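The values are calculated or read from the model by the stated rules, or taken from the named source; none is laboratory data. Worth saying up front: this structure is predicted, and the values here are computed from it rather than measured. Backbone-built Cβ (ideal geometry, glycine too); neighbour counts: all protein chains shown.
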Amino acid sequence: MIFGMYRTEVEKRIKKLRQEIGRLREAYHTENAPGITDDVYESLARELKSLLQAYPEFEDGNAPENRVAGKPLDKFTKVKHQTRMLSLNDVFSYEELYDWEKRIKKLFPPSPTPPASPYQGRRMVPPDKGENKGVQGEGRGEVNYFCEVKFDGLAVSLIYENGKFVRGATRGDGFIGEDITENLKMIESIPLALNPRPTSPLSGGGVGKNFPPDKGGPRGVLEVRGEALMAKKMLEKINRENAKEGSQLFANTRNVAAGSLRQLDPELVKERRLDFVAYDLYFPPDKGGLRGVETHSQKHQMLRELGFKVEKLEAKCKNLEEAIVFIKKFEKIRPDFPYGTDGIVISVDDLKLQEVLGVVGKAPRYMAAFKYPAEKATTTVKDILVNVGRTGVLTPLAVFEPTMVAGSLVSKATLHNMDQIERLGLKIGDTVVIEKAGDVIPKVVEVLTRMRTGKEKKFKMPQNCPTCGGNIEKRELPEQKSVAFYCSNPKCPAKDERYLEHFVSVFEIYELGPKILRRFKDEGLITDAADLFTLTKNDFVYLERLPRRKSQTFLRGFGEKSAENIIEEIKNKKKITLSKFLWALGILHVGEETARDLATHFGTLEKLISSARTTLAELDSIENIGPAVLKSVSDFFHDKNNLNFIKKLEKNGVVIEKAERAKAGKFTGLSFVLTGTLATMSREIAKERILALGGKVVGSVSKNTSYVIAGAEAGRSGSLGAESSGRTPESPQARMSSKLKNAEKLGVKILDEKNFLNMLG
């Protein structure tokens, strides 16, 4: 067991955690929810990570924790980043840091000059040939790292053209951000013109080559990324002044900085004296890239030469041990550090190695963010409210007596489901321990039952929906062996509102934010998502002429150009892949990964509908399609309302592209499960090799699995999770990967790495 749960409970917990992580990301990116830091979901993500370490069969590369979710807010003009702004994978212990190093070393190239990608120039060395196992060159010795402070501010991108600052934007969802140029101009540490005369030794081989001085400034387009933030002393000053005037007190520097930059009045930014610290820069590859710059630490030097503020507390480390020394030293001075910070960023210093390692999901492989230990506090639960999600599922929300935890004021936290409430024995009025892993939103970790007075009340799930008053029904989830509570009203406004937001998100119609959608619904311009594709400019003119009601959510008027942009974006997004279309439909239990499996198998929507409405044999034969998904898909396509909705979408111009079937190869018809660590290649590369030969890679072992590929450490899977959860060591057989256990139980053939390589040829 882990965290006091059995395996079936673990599976259920993982799914609920993923749902909540997605919701929190949505709150962060679309609602700018107060009290939310850069990694608002970290306390939940940490628990999820520990569970997945112990039960890797539940890993899902397309799960919410592996992607950046959300849409930018609507107050400012949206801009597309030249290159994606990534997030970082977090580690919370030195053991996890060593595991990270171990993983990336397996991808190192065989020569000092790395190939253009991890798939080129790599000679596989069989594991039975000598000491140097794995990719040749893997045992190259120590790696040089670069350590820098991870600031708790707002990530922004700055664009310079010919040495002049022309645009600044928020991170947004990594692809699309908000233009806050005028506000950023008020930050004195952001240079409006770059230094045309770099003077350090790097200028001859770096800055000078990249940006030759010409008429007072560097030429071309340059992107600088960094953190907009506020000093702790400035926050104290503002709060002292506000206290005298009886005004609002601010909880932490990050919220003030983010809130200030999202005000329409740039003078407020100037008044609050925000700061900016740069940490990276990019120069277009078509302009030669960053010539003469070989390391990330040299980028920092270049930023200083160009006139940017760069944190002095940094370190070039010859190995990971030196990086850990820096982490420990900074931890001692962290309380007195002038800015809010939640950890240290460790990077592979060599830029060529960074290119080889690349990016997986939302994060670069070559970087990791070390987060300092969690902080705990006690508070009382004033109430437990209920939120309604897109599928109608009810999620309890604990309302706390506000308390300070890790520098921020905490007043509420999601309780996920009734199972967690019952597991904790939580009651309204209880004194609880809340914890913040990595300076983020807390979770309830313990109920102090000895503090009870007898006045505490047991929480009961309401019999009626708190939004629409509809009946609440319990639904058995066979695969999770659990019960969930749902609003039964198909026309529940909360469900409808969440679904519309989900639909436009999948269709990537970024111009349509929650406030605009709500306004369209309120004024009767749309009845469902299909009506979005019939909107015209006249509809926006109509909105402009309507008197604003008191109950109506504030929404700025549409200019002619804005209206044209929205109409044009909707028009351009009418064509969509089958997998995304199925995901956008919001079928219960059908997420992005399941939608992809369905699309790949059937190829067309017509074939899927036919199978779902007649015989379920073909649908049931698809790997990873369990009873709950099977029933949900069947029920969805038997509902005439859903079929009419699809017809309406097609009538309004939505084109669903056919999905390409997997290419035939010698692995066609075979399914593989990967477990443990492979010596000769990463699991990502192994998966690509299998897919290229026509095979399938699935996450869990079933009777339909052809082979289980067992790498090193498959026999002690989850050891780190056991340590972090406080479990006692088990017998060697008990420590065997659950995937191997299931394979032996079901009689599935297990291959070691040598035999797998032979199969690959």
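See the values below:
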item	result
Test: residue in the stretch 339-356 that is aromatic (F, W, Y), touching a strand residue (DSSP E or B) at 6+ places or on another chain (Cβ under 7 Å), over 23 Å from G454 (Cβ atoms) and in a loop (DSSP other than H, G, I, E, B)	no
Test for V381: is it farther than 17 Å from L97 by Cα and surrounded by 19 or more Cβ atoms within 10 Å (Cβ to Cβ)	yes
Scope the stretch 154-186; condition in a strand (DSSP E or B), in contact (Cβ under 8 Å) with a residue 24 or more places away in the chain and of a type in the set (A, V, I, L, M, F, W, C); matching residues	L154, A155, V156, L158, I159, F165, A169, I176
The listed residue being surrounded by fewer than 19 Cβ atoms within 10 Å (Cβ to Cβ), touching a strand residue (DSSP E or B) at 6+ places or on another chain (Cβ under 8 Å) and at pLDDT below 80, out of G220, G246	G220
Residues located in the stretch 357-367, provided they are outside any strand (DSSP E or B) and more than 24 Å from A257 (Cβ to Cβ)	L357, G358, G361, R365, Y366
The stretch 668-690 - residue that is part of a strand (DSSP E or B) and either out of contact with any Phe, Trp or Tyr (no Cβ under 6 Å at 6 or more places or on another chain) or not hydrophobic (A, V, I, L, M, F, W, C) (or both) and, of those, nearest to K102 (Cα to Cα)	T677
Verdict on L261 being buried (at least 17 other Cβ atoms within 10 Å of the Cβ), over 18 Å from L409 (Cβ atoms) and at pLDDT 80 or above	yes
Qualifying residue in the stretch 648-669 (condition: exposed (fewer than 14 other Cβ atoms within 10 Å of the Cβ) and touching a Pro at 6+ places or on another chain (Cβ under 6 Å))	no
Residue count for the stretch 603-643, restricted to those that are within 33 Å of the chain's Cα centre (by Cα) and part of a loop (DSSP other than H, G, I, E, B)	8
Residue in the stretch 700-708 that is surrounded by fewer than 18 Cβ atoms within 10 Å (Cβ to Cβ), part of a helix (DSSP H, G or I), at pLDDT 75 or above and not basic (K, R) present	no
Residue in the stretch 590-607 that is free of Cβ contacts under 8 Å to residues at least 60 places away in the same chain, of a type in the set (F, W, Y) and either closer than 23 Å to Y510 by Cβ or crowded, with 16+ Cβ neighbours inside 10 Å (or both) present	yes
Number of positions in the stretch 566-581 that are part of a strand (DSSP E or B) and closer than 19 Å to N642 by Cα	2
One residue from K270, K299 being modelled with pLDDT under 85 and in the same structural domain as E355 (by TED's automatic domain parsing)	K270
Criterion: of a type in the set (F, W, Y) and either at pLDDT 85 or above or closer than 28 Å to C468 by Cα (or both) - qualifying residue of F540, F581, F558	F581
Subset tally (residues that are in contact (Cβ under 8 Å) with a residue 60 or more places away in the chain and not β-branched (V, I, T)) for the stretch 223-245	10
Index of the failed condition, T380 passing every other in (1) within 18 Å of A494 (Cβ to Cβ); (2) among the polar types (S, T, N, Q); (3) in a strand (DSSP E or B)	(1)
Residues satisfying the stated conditions in the stretch 449-467, i.e. in contact with a strand residue (DSSP E or B) (Cβ under 7 Å, 6 or more places away or on another chain) and in contact (Cβ under 8 Å) with a residue 24 or more places away in the chain	E456, K457, K458, F459, M461, P462, C465, P466, T467
S189 being in a strand (DSSP E or B), small (G, A, S) and either in contact (Cβ under 8 Å) with a residue 12 or more places away in the chain or surrounded by fewer than 21 Cβ atoms within 10 Å (Cβ to Cβ) (or both)	no
Any chance S488 is of a type in the set (S, T, N, Q) and closer than 24 Å to I576 by Cα	no
Candidates I421, I428 - the one that is of a type in the set (A, V, I, L, M), at pLDDT 85 or above and more than 29 Å from the chain's Cα centre (by Cα)	I428
